[in-house]
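What follows draws every value from the coordinates through simple rules; no lab data is involved. What you see is a predicted model; the values in this text were computed from it and never measured. Reconstructed Cβ throughout: ideal geometry from the backbone, glycine too, with neighbour counts over all protein chains shown.
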Amino acid sequence: MKKVLLAIVLMGGMLAGCTQKSNNNQNNDHMNTTLNLTQEWDKTFPKSDKVDHKKVTFKNRYGIELAADMYTPKDTTGKLAAIAVTGPFGAVKEQSSGLYAQHMAEHGFLTIAFDPSFTGESGGEPRRMASPDINTEDFLAAVDFLSVQDNVDPERIGIIGICGFGGMAVNAAALDPRIKATVASTMYDMTKVNREGYFQSSNTKEQRMEARKAMAKQRIADYKAGTYQRAGGVIDPLPEDAPWFVKDYHSYYKTERGYHERSGNSTDGWNVTGCQSFLNQPILDYANEIEAPVLLIHGEKAHSRYFSEYAFEKMTGKKAFVSSVAECATANEIPTGKYAGSYKEGNKELLIIPGASHVDLYDDVAGVVPYDKMESFFKAAMK
């Protein structure tokens with residue numbers, strides 16, 4: 001328990017701060033955007049010579065303009081299947097989502113990686129806020145945009161959500177039947193972790209009330225100050241006794257491997273009150289009504305694995321295997337192969353990658369992101 005409490009403190013603004021024109025113009029590249037879009041390549045991964053890249057923008061139904069990178073496979077004709085990608089929670093499109101999008105374009109899909117509302121190059125004020133409603137809507141707005149592109153087949157659109165946006169992707173799939181296939185990679189259910197704490201460490205009504213009181217107090221402080229207090233990103237430097245999964249995050253967000261100046265996780269995090277509404281707005285309540293295929297991908301040794309197990313059970317009514325939330329707190333000690341494998345029920349699948357941590361699925365360093373599997377999944381689902 002001591003390690004769990006320490007982890008909550010150290011995760012700070014990355015999660016603990018949160019665990020506490022006309023539409024006819026949307027097929028234009030920039031929609032006369034007022035956003036400040038960087039035109040040089042500033043990703044955390046190298047540019048592929050197999051795809052074409054350009055910046056695009058689109059608006060969600062709240063009028064917030066979203067910035068995205070579009071990746072199109074070279075030398076293609078006709079209408080393509082398309083995929084919208086975002087996440088992790090607190091990251092930007094120059095990090096994991098852009099890497100996923102570029103890889104999937106190399107596999108033949110037109111893709112966009114977008115910054116969610118209030119983050120990165122996207123619009124929305126104040127900055128570094130999050131909302132289970134608006135962030136789900138961001139996915140739906142991406143589907144709107146892709147549906148009207150001349151080179152996209154609107155009947156073959158899928159989505160990928162990474163980390164905290166994995167949960168949002170599942171919620172979007174439950175809400176929008178235009179989404180023909182969904183991948184949630186190394187997912188968090190942000191509403192679950194907010195209302196229960198890490199590993200259900202604060203899962204009582206009294207503890208939730210204390211969190212609500214702290215949020216209320218912070219709102220008054222912010223109002224008096226005329227600004228929003230940031231919770232801080234991934235802690236740096238790392239204390240020697242930092243839990244293993246905090247070190248996992250640090251190895252990506254705070255090093256050359258994955259650092260980006262627009263990423264909240266790499267810098268000063270979310271606003272302390274940024275995820276207040278997550279406390280009592282569960283997003284997976286209707287996951288069992290998703291008719292389209294869903295693929296959940298998680299690392300066997302990820303501290304967050306229980307979120308995908310929970311989502312699979314919500315969708316199918318069945319457990320993939322017998323595990324426990326508490327076990328995930330020390331998932332790095334699990335013998336490799338204990339839970340690895342593919343668990344299927346109808347058109348829902350939970351794929352556990354042997355020996356992989358949470359952050360191993362952020363990039364290509366460990367070489368375990370199953371791009372070929374995702375390709376076959378999307379192509380089968382979006383024939």
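Worth pointing out:
- Links that overshoot a 26 Å alpha carbon limit, given the list Lys54/Lys247; Lys79/Lys180; Lys348/Lys383; Lys205/Lys348: Lys54/Lys247; Lys205/Lys348
- DSSP bridge analysis restricted to the chain gives an antiparallel fraction near 40%, rounded to the nearest 5.
- With 10 Å bins from 0: P(r) over the chain, alpha-carbon pairs, percent: 5, 26, 36, 25, 8, 1
- Once the Cα-Cα distance is subtracted from the 0.36 nm per residue extended length, the Arg219 to Asn36 segment shows a gain of 63.0 nm.
- In order along region 204-213, phi translates into HN-Hα couplings of 10, 5, 5, 5, 5, 5, 4, 5, 5, 5 Hz, rounded to whole numbers, per the Karplus curve 6.51 cos²θ - 1.76 cosθ + 1.60 with θ = phi - 60° and x for Gly and Pro.
- Sorting the segments 165-174, 305-314, 284-293 by their residues' average number of neighbouring beta-carbon atoms within 10 angstrom, most packed first, yields 165-174, 305-314, 284-293.
- Charge context of Ser97, other residues only, Cβ under 10 angstrom, K/R +1, D/E -1: -2
- Computed on region 167-298, with alpha-carbon pairs under 8 angstrom and 6+ residues apart, the relative contact order is 44 percent.
- Ordering of 239-245, 81-87, 258-264 by packing [mean C-beta count within 10 Å, highest first]: 81-87, 258-264, 239-245
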